[in-house]
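A.B. asks: Quick one: this structure, given as structure tokens, is what I'll be asking you about.
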Amino acid sequence: AQLSILFGSSGINAEYGVLTGLVPGDYFIRPLMKEYSFTPASKMLTVAEGLEVDVTFNAERVAYSGYGKVTSLNGRPQPGIVVEAVGAGDCSLQEEGVTGEDGSYRIRGLSPNCPLTFLVRSDKSDKIRRASPASQLIEVGTEDRAGINFIVFQEPTTFDITGYVEISPEFVSSTKVLLVEDRGSKSGGKQVHSSALDESRIFVFPEMALTSTYTVKIESSLPHSLYNFTVPDVKLRSEGPFQHVNLAFLPIRKSVHQEQATRASFTALTIIVLSMVLAANHATLVPVFTQVYHSVVNRGGGGDSVGLGGPADGMEYIDDIHKGGARRSKSKKK
């Protein structure tokens with residue numbers, strides 16, 4: 001048996017539907033299509049074997065659709081984005097649609113003469129941060145509305161880093177800016193980028209992942225012996241898409257008095273270290289230095305000193321001192 005169904009209306013072209021392969025019996029038919037109401041709403045009919053039965057329904061459009069497209073800022077279609085239409089004022093309606101591969105969407109079932117707010121549901125997509133415009137107020141009349149478009153901005157996964165260093169021109173060539181990836185207090189950090197300064201004192205680092213935290217710090221080749229300075233650093237927040245930092249690096253050259261004090265301190269430290277070495281090894285070093293001194297004096301005077309030989313004897317004496325020290329070391333070990 002076969003059942004032919006005609007859907008007709010003065011406002012739309014007639015459409016036929018055919019159901020084949022029906023077994024004989026009684027059937028309940030009810031047409032359903034969003035945005036349309038049908039007369040009659042349903043029908044009961046009997047299908048006999050080998051017969052073809054025709055049924056006619058009149059359709060009337062009672063609601064309409066809103067069309068639009070969702071793209072990125074560069075015009076790239078954004079599939080899988082939920083767009084919602086919510087009734088405003090006394091219009092209690094809520095419908096939604098999802099964009100296809102080409103970024104287009106259609107929201108059906110919009111009541112005529114009903115003000116509606118169209119908006120992108122960014123909370124239903126983990127990749128959308130916001131949309132522009134945030135919403136659109138549209139009143140659907142007795143026809144479909146098209147061109148309800150949105151531009152969406154995705155959640156950033158990276159961010160750009162720029163900065164400015166307050167510094168005297170004479171120190172620019174000896175200064176660098178470092179970008180260090182923080183890896184916890186135990187492991188410290190890892191330097192990922194460095195940037196030399198130029199006359200603009202502006203630095204720019206490449207895009208960095210938002211999943212890590214970073215510190216921007218100054219590196220200078222200026223000697224601490226001649227300049228007083230502290231190395232500034234700034235910890236960056238892990239948020240994007242852009243961060244700018246300001247650093248101040250202001251070295252001060254030490255005065256002549258400070259330089260002399262520094263040199264005197266170094267000289268005093270050297271004398272103290274040498275004195276400690278001499279005190280610890282005086283038993284061995286004093287006789288050696290005494291003999292060498294007399295050998296040099298004898299060579300310069302051209303004669304022999306009483307009780308002392310020439311340079312050769314001095315060298316032999318030094319050898320004896322070393323051999324004696326070696327013998328004492330062996331006896332101590334025994």
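A.B. asks: Whole-Å semi-axes of the range 30-83's equivalent ellipsoid, largest first, each the root of 5 times a Cα gyration tensor eigenvalue?
C.D. replies: Values: eigenvalues 359, 45, 13 Å².
That gives 42, 15, 8 Å for the three semi-axes.
A.B. asks: Something else now. Using θ = phi - 60° and the Karplus curve 6.51 cos²θ - 1.76 cosθ + 1.60, what whole-Hz ³J(HN,Hα) does each residue of the range 105-120 get, with Gly and Pro shown as x?
C.D. replies: Result, rounded to whole Hz: 9, 9, 10, 9, x, 8, 5, x, 6, 10, x, 10, 9, 8, 8, 8.
A.B. asks: If you build the Cα gyration tensor of the range 31-140 and take the root of 5 times each eigenvalue, what three semi-axes come out, in whole angstrom, biggest first?
C.D. replies: 38, 18, 10
A.B. asks: A further question follows. Each residue of the range 161-177 in turn: what ³J(HN,Hα) in whole Hz from Karplus with 6.51, -1.76, 1.60 and θ = phi - 60°, glycine and Pro shown as x?
C.D. replies: 10, 10, x, 9, 10, 7, 7, 6, x, 5, 9, 4, 5, 9, 10, 10, 10
A.B. asks: Once the piece of chain linking I252 and R130 is laid out straight, how much longer is it, given 0.36 nm per residue of separation minus the C-alpha distance between them?
C.D. replies: 39.0 nm
A.B. asks: Normalised by the empirical 2.2 N^0.38 Å for globular proteins, what value does the Cα Rg of the range 98-164 take?
C.D. replies: Compared with the compact-globule rule of thumb, the range 98-164 sits at 1.48.
A.B. asks: Also: 5 Å is the cut-off here: which amide hydrogens, built 1.01 Å from N in the peptide plane, fall below it relative to D144, excluding neighbours closer than 5 in sequence?
C.D. replies: S65
Every number here is computed from the coordinates shown, using simple stated rules; none is lab data. None of these values were measured; they are calculated from a predicted model.
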